[in-house]
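Working notes, beginning with the structure itself.
Read-outs: derived from the displayed coordinates by stated rules, not from any lab. This one's a predicted model, so the numbers in the text were calculated from it and none came from an experiment. As a convention, Cβ positions derive from the backbone with ideal geometry for all residues, glycine included, and neighbour counts pool all protein chains shown.
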Amino acid sequence: MKNTIYILISFLIITLSNTSILAQNNSDEELANQYFYNKEFDKAVIYYEKLFNKSHNQTHYLKLLDCFVALEEYKNAEKLIKNQQRKHPYELNYNVDLAYLYNVSGKPNDAKQLSEKTIKQLSPNQQQVISLAQAFQFRKENDYAIQTYLQGRKLLKDMFPFNFELAQLYSNSGKTEQMLNEYLDILVVQESYIQSVQNALQTNLSDDDKGTKKDLLKTLLLKYIQTHPDRKVFSEMLIWVYIQEENYLGAFTQAKALDKRFKEYGDRLMALGHLSAENKDYETAIKCYQYVISKGLDSYYYVSAKMELVNVYTKKITSTNNFTATDLAELERSYQSSINELGKSVSTTPLLRGYANFQSFYLHQPENAISLLNEVLVMPGISAHEIAQTKIELADVYLFVGEIWEASLLYSQVEKAYKYDQLGETAKFKNAKISFYTGDFAWSKAQLDALKASTSKLIANDAMQLSLLITDNIGIDTNEAPLLLFAKADLLSYQNKNEEAVKLLDTLKNEFSYHSINDDVLFKRFQINYKQQQFDAALENLNEIITNYPTDLLGDDALYNAALIYDKNKNDQTKAAELYKSLLFDYKDSVYGVDARKRYRELKGDINIIKIENDILEFEAN
């Protein structure tokens, strides 16, 4: 029993003693750190010396060394380093610390000699090379770090070439060509690293406003293509660079050459065509699909390319609203020719749906569109997903001809079947729009608010805008009459009954001239004018918003759309550039900011843009 009590008491004494020591160490550490960060090095050094003598760990060593240097106690610093060297003779990083000390104490020649000697002492050991290079980097001696990796590469006989490490060091040192060569050399050895190389380059080229680094990269890639003609990877890299520059035509030239050289199937041209069309470079998209079609009927992507080509023709013609009756007639012939060649089947449903949309909303032949879409719905082998897409298209046409409840029924079917899919969200939004058209604003807003969290940015943004329209124009004043008139005009505009829509909007403006809905009325007038290719009238409505309602929700929308009309429809790029510039100044948080800045660059050129960018930075700072 006595022995047990004795053991317990001893244990408690030891535990309490250790706890006390730990608490003391923590207290010393906190005081040391506080003095250090307050630059009271004469006080910090006392505690770090005490801590290092107990722990001998690297953190305390480095802090103690920093204190000695800050206090210019160079002899104590040298003694500290040399003690570490004696204890760890194979750790070369202490030589780097000593060279650093020589530099700060005014002995640069000694520092140089020691650094060079240390690099020569390297053995063929990967970890030793990395450790020494990192020690040089820590002391901001990038050139010696580079020499270390180069020596390590030589000693290890290229088994560990340290390309990524060297590339980053060259980048930090402003040695762009060497950096690029290191990254490209990685791909000579291991093509599977292409994604890692692209990620690294994207970071290192992010500050390349004048494009000089990208130009150098393209030059080097052409050399690598010539010296490694059997490798796809360098052509793929060149295509990637062109895409980063949004030079889709340049990417097309390389992609086509690669496809021909390696007798590919056209898959990269299909992908590039899609990307070009997404970024509104329709001419390049057309070239991509035409090239794939030229590979012949037996080409794997022939049918897809034919369908995509007509789709891009449609986007090109309708995107700027500059089309003529002749353009529409030619496009109709393209649809009919493609359908006659490819036939009507489950594999051509995207083409058939596109044609139905074109018939309804551009040729004003909704009956033909309804007939075609109903034909698609009963095709043998059609997937559930295709049926849902076709139902949405059919509902759009029913809404166009005034069959509102038939449209709502179809939207509801898709929403129910694809509740957690983007298709379902699209259908839900369109049904919410029907509730808006019919004056059920509370229900419409509830559905729209639920869609604000949509995975689709487009749906979420459209839902938010319509929800705000309802909120802003009912608000405290519960009079729904102005919003009811606006909703009816909006539906009439969708149904292409433009004269009736304009009359309602005029009535609304005259009878409720005080109402907050007036900027929305003007914007809807602009949309109708634009659809009718009445660009001067469209600009009048936009200018009224810009002048009278600049701080309302549609202020930046009006300015951006005015810029687009001058740019794309009036062919007045000088005025367009002026409006893009105003958008960047007056609406710095606008969702159109990125596109406006990009187009402004294209119109004014990189040299002239520098002044405006500096002005904006100064403006934002104030």
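So, counting K/R as plus one and D/E as minus one, what does the shell of residues with Cβ under 10 Å around residue 321 add up to?
So the environment of residue 321 carries a net charge of +2.
What's log10 of I(q)/I(0) for the chain at q = 0.09 Å⁻¹, Debye sum over Cα points only, no solvent?
-0.95
How many Å³ per residue does the convex hull of the Cα positions in the stretch 559-610 occupy?
Here the figure is 65 Å³ per residue.
Between residue 56 and residue 446, what is the label-to-label distance in nm when each label sits 7 Å out along the Cα-to-Cβ direction?
7.4 nm
For the stretch 481-621, what value does the Rg/Rh ratio take when both radii are computed over Cα atoms and Rh is the Kirkwood radius, given to two decimals?
That ratio is 1.04, to two decimals.
Could you work out [θ]222 nm for the chain from helices alone, using -39500 (n - 2.57) per DSSP H run of at least four and dividing by all its residues? Round to the nearest 500 deg cm²/dmol. Please list the in-between numbers first.
Numbers: 32 runs with 477 residues, N = 622.
The helix-only estimate for the chain comes to -25000 deg cm²/dmol at 222 nm.
I'd like the distance between the alpha-carbon centres of the stretch 518-546 and the stretch 154-213, rounded to an integer number of Å.
Computed from Cα coordinates, the inter-centre distance equals 52 Å.
Please find the FRET efficiency linking residue 262 to residue 551, where r is the Cβ-Cβ separation and R0 is fixed at 60 Å, and quote it to the nearest 0.05.
0.55
Quote the charge dipole size of the stretch 295-425 about the Cα centre in Debye, to the nearest 20; the model charges only the Cβ of Lys and Arg (+1) and of Asp and Glu (-1).
Result for the stretch 295-425 is approximately 260 debye, rounded to the nearest 20.
May I ask you to derive the FRET efficiency for residue 327 and residue 602 from their Cβ-Cβ distance with R0 = 22 Å, giving the value to the nearest 0.05?
With R0 = 22 Å, the Cβ-Cβ based efficiency is 0.30.
Taking the Cα centre of the stretch 72-179 as origin, sum charge times position over the Cβ atoms of Lys and Arg (+1) and Asp and Glu (-1), and report the length of that vector in debye to the nearest 20.
Dipole about the Cα centre, nearest 20: 320 debye.
Show me the ranking of peptides 423-431, 372-380 by mean Cβ neighbours inside 10 Å, starting with the highest.
Those peptides, ordered most packed to least, come out 423-431, 372-380.
Run the simple label-point estimate for residue 190 and residue 230 please: 7 Å along Cα→C-beta, distance reported in nm.
The answer from the label model is 2.1 nm.
Taking 0.36 nm per intervening residue step and subtracting the Cα-Cα distance, what contour gain separates residue 481 from residue 271 on full extension?
Extra length available between residue 481 and residue 271 comes to 70.6 nm.
At a Förster radius of 41 Å, what calculated FRET efficiency corresponds to the Cβ-Cβ distance of residue 82 and residue 178, to the nearest 0.05?
After rounding, the FRET efficiency stands at 0.70.
Using every alpha carbon pair in the stretch 356-437, what percent of pairs falls into each 10 Å bin from 0 up to the bin containing the largest distance?
For the stretch 356-437, the pair-distance distribution reads 20, 50, 29, 1.
Please give the charge dipole size of the stretch 497-599, origin at the Cα centre, charges +1 on K and R Cβ atoms and -1 on D and E Cβ atoms. Round to the nearest 20 debye.
So the magnitude is around 400 debye.
Once you place label points 7 Å from the Cα toward the Cβ at residue 74 and residue 409, how far apart are they in nm?
A separation of 9.4 nm, rounded to one decimal place.
For the charge dipole of the stretch 481-621, defined by +1 on Lys and Arg C-beta atoms and -1 on Asp and Glu C-beta atoms about the Cα centroid, which residue among 495, 539, 481 has the Cα displaced farthest towards the positive pole?
Highest projection toward the positive end goes to 495.
So what does the Cα-only Debye profile of the stretch 228-318 read at q = 0.11, 0.17, 0.22 Å⁻¹, as log10 I(q)/I(0), no solvent term?
The calculated log intensity ratios at q = 0.11, 0.17, 0.22 Å⁻¹ are -0.28, -0.66, -1.03.
By what distance, in whole Å, do the Cα atoms of the stretch 72-179 stretch along each of the three principal axes, largest value first?
41, 29, 18 Å, listed from the longest principal axis down.
Listing 519, 586 from the residue with the fewest other Cβ atoms within 10 Å to the one with the most, what is the order?
586, 519
Given the Cα-Cα distance of residue 457 and residue 209 and 0.36 nm per residue of separation, how much length would full extension add, in nm?
Values: separation 248, 0.36 × 248 = 89.28 nm, distance 2.84 nm.
Residue separation times 0.36 nm, minus the Cα-Cα distance, leaves 86.4 nm.
Of 60, 228, 118, which is farthest towards the positive pole of the chain's charge dipole, taken about the Cα centre with +1 and -1 on the beta-carbons of Lys, Arg and Asp, Glu respectively?
118
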